[in-house]
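Okay, so here's the structure we're looking at.
The values are calculated or read from the model by the stated rules, or taken from the named source; none is laboratory data. The structure displayed is predicted, hence computed values, not measured ones. In this analysis, Cβ positions are derived from the backbone assuming ideal geometry, glycine residues included, and neighbour counts consider all displayed protein chains. Remember, those area values only see protein heavy atoms, side chains included, never the ligands or the DNA or RNA. Shrake-Rupley method; radii C 1.70, N 1.55, O 1.52, S 1.80 Å.
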Amino acid sequence: GKKLGYTFNNRNFHNVSLGQGQEVVAEQALDLAAKEGHWVILQNIHLVAKWLSSLEKKLEQHSEGSHQDFRVFISAEPAPSPDSHIIPQGILENSIKITNEAPTGMHANLHKALDNFNQDTLEMCTRENEFKSILFALCYFHAVVAERRKFGPQGWNRSYPFNTGDLTISVNVLYNYLEASSKVPYDDLRYLFGEIMYGGHITDDWDRRLCKTYLEEFIKPEMLEGELLLAPGFPLPGNMDYNSYHQYIDDALPPESPYLYGLHPNAEIGFLTQTSEKLFRTVLEMQPRNTGMGEGGVVTREETVKALLEEILEKLMDEFNISELMAKVGERTPYIVVAFQECERMNILTSEIKRSLQELDLGLKGELTMRSDMENLQNALFLDMVPESWIKRAYPSTASLGTWFADLLTRIKELEAWTGDFSLPSTVWLAGFFNPQSFLTAIMQSAARKNGWPLDKMTLQCDVTKKNREDFASPPREGAYVHGLFMESARWDAQAGIITDARLKELTPAMPVIFIKAVPADKQDIRSMYPCPVYKTRQRGPTYVWTFNLKTRENPSKWVLAGVALLLQI
């Protein structure tokens, strides 16, 4: 406005904050401004959804014949989800749009964290050296935990609302503690930051471990000896003034990469791949419902669905006859109990698949009225997605329908082989279970019965072998061999028998067969071990199964920051 030579005053500049019945005021301001050439600012229009169509009409009405200096500025909060996009198309099409995005990348976030303070903050503490060092480390920590979100489940299992308040309160706590004690109370500070200020938001145990590990790496006595690296190639700066810290970030912080977070570059590939897959899926779902297949006749949506439906029904095996199987077994060992539970779960799933497909078949023939759940089933089949009613009765999976169904048939075959004579397979496909935990618990129950150990004093020991499943002809005397696991964010070095850095572009290398047996908890070796979470899928979080201790020569904290986990399916 100033550039164009306007001088603003209360008469020619109308600022209306919407909500609480301000719509009439806004309309009067628009009418006056259009006539006189004033400027109008309408704030928070997302709060007045019902009024937006009137606003659209009003703007259309003033688009012709109004004063040439008349301008309207509109602001709104971003919508949390697509179904709450309420701003009319007419307004969007006829306006110049500006978005104010939160900064991305460590560079912008570290500057932004430091912007919460000034030269006076840096000078307020009598223990200047310690205060400045820990304050800068806290700024880096704050930027890392906020920005790590973009890596999806490899970053955090869940997403948390960390905010600037967490940082400023932590710095106040730091000031009070340093003023009150003669030694720097590193443990107390880390506990307050990691369990209370930031940890107060965290609901997942693995995320809590991650938060704690960052603080252990960033805030420790070595920080005052000038030997602390906040990231590879980025040492903690020494004592300087406020502007020099901003300058130091510009000069010394390496370019944006997963290394700045302690992650492997593969984490970025995985996250970008998943983002693009999501985009393509959305585009696919927006396709018109009946697409022709070019020349040579049109294959209708119904025909595509019908062919798939018949193929699934034809390939699906019969349900397990549980009473017949029960008659075959003598003693119900922990493993046999698991086998029966799995057969029951599988029957519930396969009978729902049959029921829903047969019902849809009748609907497509016109013998049944199509209901909304049948419509949804038809859409899912057409889009190669697993239908809702099947997901509810199945196990977590991120696969498309074709892959999911092939996997289902493999799971049934494994169960058939196991229930053929109920002897444990030479190596067990852990991912093939609805409930892998129950199988792992059965390993402990068997050992407890055999050796007379109390179950609550036991744990599982995992020895990674150097072999693959083809190399095993029989199960071990105690415990079980399991195959089909994958490692994410690192890889297993089979020769050295330790975790090591992942190779570039190998996102989820396969693990060799793992020998799992139960041992008394006090007998397990926990030195140089990384407690590695096992998840069912790459979504991690709620798909957690167990913790396997894996050998490492490097500090386990490296693998915590890298987000290293074992996955049952990819």
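Here are some notes:
- Scanning segment 247-291 for residues that are open to solvent by 30 Å² or more (accessible area, probe 1.4 Å) and in contact with a His (Cβ under 9 Å, 6 or more places away or on another chain) returns ASP250, PRO255, GLU256.
- Only a single criterion out of (1) modelled with pLDDT under 95; (2) in the same structural domain as PHE486 (by the TED database) is not satisfied by SER438, namely (1).
- Cβ-Cβ under 6 Å pairs, at least 6 apart or on other chains, segment 42-70 side at pLDDT below 85 and aromatic (Phe, Trp, Tyr), far side open to solvent by 40 Å² or more (accessible area, probe 1.4 Å) and in a helix (DSSP H, G or I): none
- Any hit, segment 117-127, residues being of a type in the set (Phe, Trp, Tyr) and either assigned to a loop (DSSP other than H, G, I, E, B) or open to solvent by less than 40 Å² (accessible area, probe 1.4 Å) (or both): yes
- Here TYR481 fulfils each of the conditions (1) modelled with pLDDT under 95; (2) touching a Phe, Trp or Tyr at 6+ places or on another chain (Cβ under 9 Å) apart from (1).
- All positions within segment 446-462 that are surrounded by 14 or more Cβ atoms within 10 Å (Cβ to Cβ) and either outside any helix (DSSP H, G or I) or modelled with pLDDT of 95 or more (or both): TRP453, MET458, THR459, LEU460, GLN461, CYS462
- Scanning segment 530-570 for residues that are among the aromatic types (Phe, Trp, Tyr), under 30 Å from TRP404 (Cα atoms) and either surrounded by 21 or more Cβ atoms within 10 Å (Cβ to Cβ) or in the same structural domain as ASP205 (by the TED database) (or both) returns TYR535, PHE548.
- The residue that is nearest to the chain's Cα centre (by Cα), counting only those in segment 210-266 that are hydroxyl-bearing (Ser, Thr, Tyr) and within 23 Å of LEU192 (Cα to Cα), is TYR261.
- Scanning segment 355-383 for residues that are open to solvent by less than 40 Å² (accessible area, probe 1.4 Å) and touching a residue at least 24 places away in the same chain (Cβ under 8 Å) gives SER356, LEU357, LEU360, ASP361, GLN378, LEU381, LEU383.
- Condition check for ALA431: of a type in the set (A, V, I, L, M) and outside the structural domain of ASN468 (by the TED database): no
- Cβ-Cβ under 7 Å pairs, at least 6 apart or on other chains, segment 518-529 side open to solvent by 70 Å² or more (accessible area, probe 1.4 Å), far side not aliphatic (A, V, I, L, M): ILE526/ASN549; SER528/LYS551; SER528/THR552; SER528/ARG553
- Matching residues in segment 303-327 - criterion: being open to solvent by 70 Å² or more (accessible area, probe 1.4 Å) and within 20 Å of PHE405 (Cα to Cα): GLU303, GLU310, GLU311, GLU314, LYS315, ASP318, GLU319
- Count of segment 323-337 residues which are part of a helix (DSSP H, G or I) and either under 20 Å from PRO436 (Cα atoms) or not assigned by the TED database to the domain that holds THR419 (or both): 4
Let's see how each residue does on (1) within 26 Å of TYR395 (Cβ to Cβ); (2) of a type in the set (Ser, Thr, Tyr):
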| position | (1), (2) |
| --- | --- |
| ASP471 | no, no |
| SER474 | no, yes |
| GLY479 | yes, no |
| TRP492 | yes, no |
| LEU507 | yes, no |
| ALA518 | yes, no |
| LYS523 | no, no |
| ILE526 | no, no |
| GLY541 | yes, no |
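- Selection status of THR459, β-branched (Val, Ile, Thr) and within 27 Å of ARG332 (Cα to Cα): yes
- Among the helices (runs of 4 or more DSSP H) confined to segment 147-229, the ones with at least 3 residues that are β-branched (Val, Ile, Thr), open to solvent by 30 Å² or more (accessible area, probe 1.4 Å) and free of Cβ contacts under 8 Å to residues at least 60 places away in the same chain are located at 164-180.
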